[in-house]
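Trainee: Once you've had a glance at the structure underneath, I'll fire off some questions.
The values are calculated or read from the model by the stated rules, or taken from the named source; none is laboratory data. Note that this is a predicted model, so its numbers are computed, not measured. Ideal geometry is used to build each Cβ from the backbone, glycine not excepted, and the neighbour counts take in all protein chains shown.
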Amino acid sequence: MLSPRTTQKYLVVVLDETLRTRPTILLDEPILGMDVFLKDLGWKIVTVRESIGSGKSDDEIVELARKNNYFVVTTDRKLAKRCRLLNIGVVEVGVETFARAVHETLSKEFSTSG
């Protein structure tokens, strides 16, 4: 049986590991609205708009992500490439991504055998 002191240390390690593997997500402006769904799925979300305001340059977004170790989610292909170049975690979400998700869902729903 673990003592309370040992248990507390164990919990701290587990929490630290969880925080390390689940970064804070920085949502770029074009995909505002996704924040609610990602929060529902357990992600900590920060938006560009609430952090540094609307209409900010890619330079400002990259710097914000770098300084805070944010993982960027964007529809901007150029911003995504810059993040990759600078080893900033990034997910590029485009129309293709949404189309693929819709296609996969519809294919499962209406699959035919033969």
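Trainee: Exactly one condition in (1) surrounded by 16 or more Cβ atoms within 10 Å (Cβ to Cβ); (2) free of Cβ contacts under 8 Å to residues at least 40 places away in the same chain; (3) not in a strand (DSSP E or B) is false for residue 79; which is it?
Mentor: Condition (2) is where residue 79 drops out.
Trainee: Name every residue in region 84-114 that is closer than 17 Å to residue 30 by Cα and either basic (Lys, Arg) or surrounded by 12 or more Cβ atoms within 10 Å (Cβ to Cβ) (or both), in order of residue number.
Mentor: 90, 91, 92, 93, 94, 97
Trainee: Please verify whether residue 33 is at pLDDT below 95, loosely packed, with under 12 Cβ neighbours inside 10 Å, among the small types (Gly, Ala, Ser) and over 17 Å from residue 92 (Cα atoms), treating the condition exactly as stated.
Mentor: Numbers: at pLDDT below 95: yes; loosely packed, with under 12 Cβ neighbours inside 10 Å: yes; among the small types (Gly, Ala, Ser): yes; over 17 Å from residue 92 (Cα atoms): no.
So residue 33 fails the test.
Trainee: Still on this structure, I have one more. Go through region 82-105 residue by residue and tally those that are closer than 23 Å to residue 38 by Cβ and free of Cβ contacts under 8 Å to residues at least 12 places away in the same chain. Spell out the reasoning first.
Mentor: First, pick out the residues of region 82-105 that are closer than 23 Å to residue 38 by Cβ: 82-84, 86-105.
When the remaining residues are screened for being free of Cβ contacts under 8 Å to residues at least 12 places away in the same chain, the result is 84, 87, 95-105.
Within region 82-105, residues that are closer than 23 Å to residue 38 by Cβ and free of Cβ contacts under 8 Å to residues at least 12 places away in the same chain number 13.
Trainee: What's the number of the only condition in (1) touching an Asp or Glu at 6+ places or on another chain (Cβ under 8 Å); (2) at positive phi that residue 69 fails to meet?
Mentor: Going through (1) touching an Asp or Glu at 6+ places or on another chain (Cβ under 8 Å); (2) at positive phi one by one, residue 69 breaks only (1).
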